Every structure is written in structure tokens, then in C-alpha cells.
1. Would you pick out the residues in the stretch 211-248 that are in a loop (DSSP other than H, G, I, E, B) and under 21 Å from residue 42 (Cα atoms)?
2. Any idea how many residues of the stretch 77-109 are outside any loop (DSSP other than H, G, I, E, B) and either over 22 Å from residue 144 (Cβ atoms) or touching a residue at least 60 places away in the same chain (Cβ under 8 Å) (or both)?
3. Does residue 223 count as touching a strand residue (DSSP E or B) at 6+ places or on another chain (Cβ under 9 Å) and surrounded by 14 or more Cβ atoms within 10 Å (Cβ to Cβ)?
4. Starting from the stretch 115-131, keep only residues that are under 16 Å from residue 141 (Cα atoms), then list their pairs with residues that are surrounded by fewer than 14 Cβ atoms within 10 Å (Cβ to Cβ) and at pLDDT below 95 whose Cβ atoms are within a distance under 7 Å, requiring at least 6 positions of separation or different chains.
5. Pick from 176, 164: which is on the phi > 0 side of the Ramachandran plot and within 15 Å of the chain's Cα centre (by Cα)?
6. State all residues of the stretch 130-161 that are closer than 26 Å to residue 106 by Cα and outside any strand (DSSP E or B); if no residue qualifies, say none.
């Protein structure tokens, strides 16, 4: 999400392991089933340390044997070390999105032809060189093929984007309807064009106005954390595995302070973790 003061990235930490299970007869179609849900995935990354560039991922947690979080660090090393590949003194967020898409596609091309192809989404957030307002970009990989990056808003616009398994809860809360409403309307309202007209009339009336351009960055942080918290508990109380969960991570990106972690899990004990959050360690 973004307001005029900056951009916020927020995510849960759940990662779902899906495996194929054979059918009742030899050679029958395998069905996908959830084998486990891990609650320590890293979905937010600072793509260039010291610069106001970050991203949050959803969907597939890996490409082949490499986790997305590790690949994002590999990409960070590449753009940090190769000055001819990336000019930190003069760049655009569109350029960052394109280069990340190319990098991830190169990883997908290394996969065996017969292996599974990943589908994932990435929201990039940051400031192009010399710009006073932040930008949100979307990058999608569908079955191993990267789509061209898409800018999610005009410079003066503010808003919220979400993706992944937690999207249903946030959609119901912010938009006022679940993801199946268009499908249901087209099934019961005839002709289909009339269903689309009904949906177009409903959407602006149902949306909850919760984000505004002058909102202070701390309030935007609180809103982002609230939305992830809501998605986690929605997943907890709906049937099936809890595929949204674990610690909530939040980062803020502002023009002058750059990328800053607001809330982050660590590998060490809670006492030291709390001290780090307060800035009491070196």
C-alpha cells in the first residue's frame, strides 16, 4: 500500500508444502494435497541495501530447489555488485521490475522441462531516482513465464494491493465481497452483460474507504498490520489447513529514510529480538 508519506510492505510467514498423491489405481491422475504448512517463510526483501527499493512475494515459495527469499538476495547481490548492470545513481522502479523479471525467468529456464513450473506474484515498492512519490509495481510469473511488469497506480494515487491465500479475507473486508461474487452473479443473472452491470454498480458502493493520501506513515503501518492479522485469523477459522499464519512482518519505505524494518522475525531468542527492535544492540 502507499500514501504520500511512503509505502508499506506487510506479510504473514506461512509457506505451504503441496505434494502429489497418486490415484486409487496405478497410473491414475495424481491429486495435489497439503503435506505441511511452515510458519517461518521470508516474504519481504530490501532489494538494494541503503536504497528505497523493496518487494513482497506471494504464491510459489521456490523456483526449483532455491527459495524465493534466497533468489531475491541473489538478485540483490547482482544489482549491487555489477555497476554496468544497474546504475544506483539513476534508475526507475520500472527498470528494477524488468530486471527482476528477467533474473527470475533465467532461474525458471534452468528447470527440467518435465518438472513443475512455478506461479508467483511480486509487489515491488520504492522510489525512482529523483522522484518525490513512491511507486507500486506488480510482477507475475505464470507457470514459469514472467509477464511484463505492471504499474499499479498513477503518481498521485494511493491505494492497497494484496495477493496470495490471504486475499479472500482482505477482499471481503475492503471491497465488500468475496472472490466468487462475479462468478455467482453471472450464474444467476442473465444475460452475462447484465451481471457485469450489476457488479459495476455494486463495487463503488461496497468498498470501505480506509486509506487516504495525507495518512501519516505510522497509521498506514497499523492498517497494513491489521489487514494481515485479519487474513491470518480468517484462515484459522475457515475449513482446511491454516495456510496464512506465523509472525507478521512489516517494512516501510520513505523518501528520506529509505527501507526500514518495522516488525521482523529473527533466528534468535525473543529477548534479543526485542532489543534489536528497540535499537539497543550493535
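The values are calculated or read from the model by the stated rules, or taken from the named source; none is laboratory data. Everything numeric in this text was worked out from a predicted model, so none of it was measured. Using ideal geometry, Cβ is built from the backbone for each residue, glycine included, and neighbour counts are taken over all protein chains shown.
1. Once the filter is applied, which keeps residues that are in a loop (DSSP other than H, G, I, E, B) and under 21 Å from residue 42 (Cα atoms), the stretch 211-248 yields 241, 242, 243, 244, 245, 246, 247, 248.
2. 7
3. Yes; evaluated as a whole, the condition is true for this residue.
4. 117/143; 119/142; 119/143
5. When all the criteria are applied, what remains is 164.
6. Residues satisfying the conditions are 143, 144, 147, 148, 149, 152.
Yes/no per residue for (1) under 16 Å from the mean Cα position of the chain (by Cα); (2) under 25 Å from residue 5 (Cα atoms):
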residue: 228; (1), (2): yes, yes
residue: 238; (1), (2): no, no
residue: 255; (1), (2): no, yes
residue: 258; (1), (2): no, yes
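Rundown of residues vs (1) in contact with a helix residue (DSSP H, G or I) (Cβ under 8 Å, 6 or more places away or on another chain); (2) modelled with pLDDT of 95 or more; (3) farther than 30 Å from residue 235 by Cβ, yes/no style:
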site	(1), (2), (3)
60	yes, no, no
64	yes, no, no
71	yes, yes, no
83	no, no, yes
92	no, yes, yes
